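The values are calculated or read from the model by the stated rules, or taken from the named source; none is laboratory data. Predicted, not measured: the structure shown is a model, and the values here were computed from it. Cβ atoms come from the backbone with ideal geometry, glycine included; neighbour counts cover every protein chain shown.
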Number of protein chains: 2
Amino acid sequence: MQEAPPEFDAAFRARLRDLLVWRRDVRRFRREPLPSGTIERLIELAAHAPSVGLSQPWRFVLVDAPQRRAAVREIFQHCNAEALMVQPPERRSHYARLKLAGLDEAPCHLAVFSEPAPPQGHGLGRLTMPETTDYSAVMAAHTLWLAARAEGIGMGWVSILDPAAVAAALDVPGEWRFIGYFCLGYPQSVDPVPELQRENWEHRRPATEALLRR
Amino acid sequence: MQEAPPEFDAAFRARLRDLLVWRRDVRRFRREPLPSGTIERLIELAAHAPSVGLSQPWRFVLVDAPQRRAAVREIFQHCNAEALMVQPPERRSHYARLKLAGLDEAPCHLAVFSEPAPPQGHGLGRLTMPETTDYSAVMAAHTLWLAARAEGIGMGWVSILDPAAVAAALDVPGEWRFIGYFCLGYPQSVDPVPELQRENWEHRRPATEALLRR
């Protein structure tokens, strides 16, 4: 028997908008752990993301070992010091004051990689755009982000990292491509305004500025 | 006064799961147009996606001109013919039977690009991973996909395209990077199973197969 399709009503759409508006890149976490089984459940949902040719090329790495977390933290500190120095002199002190990762406090660390040439999918859809395997993994991470926020769990994307160094620190297959390192946990606070905007680093612009018609 | 944070309850989370499970890559559209203002509203929501350093590097191009749509269709046909020929001989007839794009029927065509070095964001977060601007645009497209599905609107990602040819056909700034071409419209049918699985091209695997612990 055919499963009945769900109806998405106006109330749901309003809540979905809230979810999108109140999702944040979280860098300030409470230390309490996520309930047992939570991250596995979120990963299962993330695997419903779109993927090129149904290749499901995302690879998830849960990082628990203290020495591996310490290695990632060192890579971040090194890369962030470099990023500070390429800021123009007048922005450096502002940059240095920003908190850009919650690596020390977040109870859950998740690295996401992509497999660039998965047998699954039989190559469909990626001959001219092989980067679509990376994009599929990005959409899985984004799915997980939204599903986490719906449970009151915050997530932060750490991109100030050297991909090769992270791959080595986590001892993953050599062909995998590093997509991002994610901190998860309960946020210290919730807000509809991005932290970088509250800190006056940058502000949001209307979408119409990014729209052309052809 | 501080806006009250939304509460996401179990009923909402169950609907969100439905949304993720019933989102599809749609290639079979009804021809009726989207209501006026719909795509602009969806783009406004998409601009709440995460972006590296709050750089909002996504660029949206609504493609209405028949000659530009025809040019994209030609690029697709050319690239798809090439993709057919690199399939192993025993899979070619199966590949040829798949419907991989709804370019002829979809009432709304949207191309998404990224700006690789936007001034917005002041470079934050992308020194070691410049590809995060592309990833931000991917998350905007994915946000739009989910918001569209919540209104009963289907979306399909066309990746069987030559990025440089599409950029030329749409006459966009030379530095922009092509992320994807999207068809939108009301779907002919809805289903919780991906079309590539229904067509026996590929099937989904459990997320646990993509999970490592370190």
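For residues that are more than 8 Å from chain B (Cβ to nearest Cβ) and buried (at least 16 other Cβ atoms within 10 Å of the Cβ), tally how many sit in the range A:25-37. Number satisfying all stated conditions: 5.
For the range B:181-214, a tally of residues being of a type outside the set (Val, Ile, Thr) and under 20 Å from B:Thr143 (Cα atoms) returns 10. Taking first residues from the range A:91-104 that are within 9 Å of another protein chain (Cβ to nearest Cβ) and partners that are outside any helix (DSSP H, G or I) and among the aliphatic types (A, V, I, L, M), the Cβ contacts under 8 Å between residues at least 6 apart in sequence or on separate chains come to A:Tyr95/B:Leu124; A:Leu98/B:Leu124; A:Leu100/A:Val158; A:Leu100/A:Ile160; A:Leu100/B:Leu124. Just so you know, in the range B:50-67 the residues that are closer than 12 Å to B:Thr133 by Cα and small (Gly, Ala, Ser) include one that is farthest from the other protein chains (Cβ to nearest Cβ), and it is B:Ser51. Across the range B:5-24, the qualifying residues are those that are among the basic types (Lys, Arg) and crowded, with 18+ Cβ neighbours inside 10 Å, and the one among them that is nearest to A:Arg15 (Cα to Cα) is B:Arg15. Any residue at all in the range A:202-209 that's in contact (Cβ under 8 Å) with a residue 24 or more places away in the chain and not charged (D, E, K, R)? No - not one qualifying residue is present in the range A:202-209.
For the residues B:Arg198, B:Arg204, B:Arg214, B:Arg177, the requirement of being basic (Lys, Arg), surrounded by 14 or more Cβ atoms within 10 Å (Cβ to Cβ), more than 18 Å from A:Pro119 (Cβ to Cβ) and more than 15 Å from the chain's Cα centre (by Cα) singles out B:Arg214. Is it fair to say B:Leu20 is at pLDDT 95 or above, within 15 Å of A:His48 (Cα to Cα), aliphatic (A, V, I, L, M) and under 16 Å from the mean Cα position of the chain (by Cα)? It is true that B:Leu20 is at pLDDT 95 or above, within 15 Å of A:His48 (Cα to Cα), aliphatic (A, V, I, L, M) and under 16 Å from the mean Cα position of the chain (by Cα).
On inspection, A:Phe60 fails the criterion of being among the aromatic types (Phe, Trp, Tyr), under 27 Å from A:Arg198 (Cα atoms) and within 20 Å of the chain's Cα centre (by Cα).
If the condition is being closer than 12 Å to B:Ala137 by Cα and either modelled with pLDDT under 95 or of a type in the set (A, V, I, L, M, F, W, C) (or both), then the range B:23-53 contributes B:Ile43, B:Ala46, B:Ala47, B:Ala49, B:Val52. Among the residues that make up the range B:142-162, is at least one of them more than 16 Å from B:Leu103 (Cβ to Cβ), among the aromatic types (Phe, Trp, Tyr), touching a residue at least 12 places away in the same chain (Cβ under 8 Å) and surrounded by fewer than 22 Cβ atoms within 10 Å (Cβ to Cβ)? So far as the range B:142-162 goes, no, none of its residues is more than 16 Å from B:Leu103 (Cβ to Cβ), among the aromatic types (Phe, Trp, Tyr), touching a residue at least 12 places away in the same chain (Cβ under 8 Å) and surrounded by fewer than 22 Cβ atoms within 10 Å (Cβ to Cβ). For residues in the range B:175-201 being assigned to a helix (DSSP H, G or I) and in contact (Cβ under 8 Å) with a residue 40 or more places away in the chain, which is nearest to the other protein chains (Cβ to nearest Cβ)? Within the range B:175-201, the match that is nearest to the other protein chains (Cβ to nearest Cβ) is B:Leu196.
Looking only at residues in the range B:68-88 that are charged (D, E, K, R) and more than 7 Å from chain A (Cβ to nearest Cβ), the one that is farthest from A:Glu199 (Cα to Cα) is B:Glu74. Across the range A:117-174, the number of residues qualifying as part of a loop (DSSP other than H, G, I, E, B), more than 30 Å from A:Ala14 (Cβ to Cβ) and not basic (Lys, Arg) comes to 22.
Taking each residue of the range B:12-39 that is closer than 26 Å to B:Arg97 by Cβ and looking for partners that are β-branched (Val, Ile, Thr) with beta-carbon atoms closer than 8 Å, six or more apart or interchain, yields B:Trp22/B:Val190; B:Arg24/B:Val190. For the range A:32-57, the tally of residues that are within 16 Å of the chain's Cα centre (by Cα), outside any loop (DSSP other than H, G, I, E, B) and of a type in the set (A, V, I, L, M) stands at 5.
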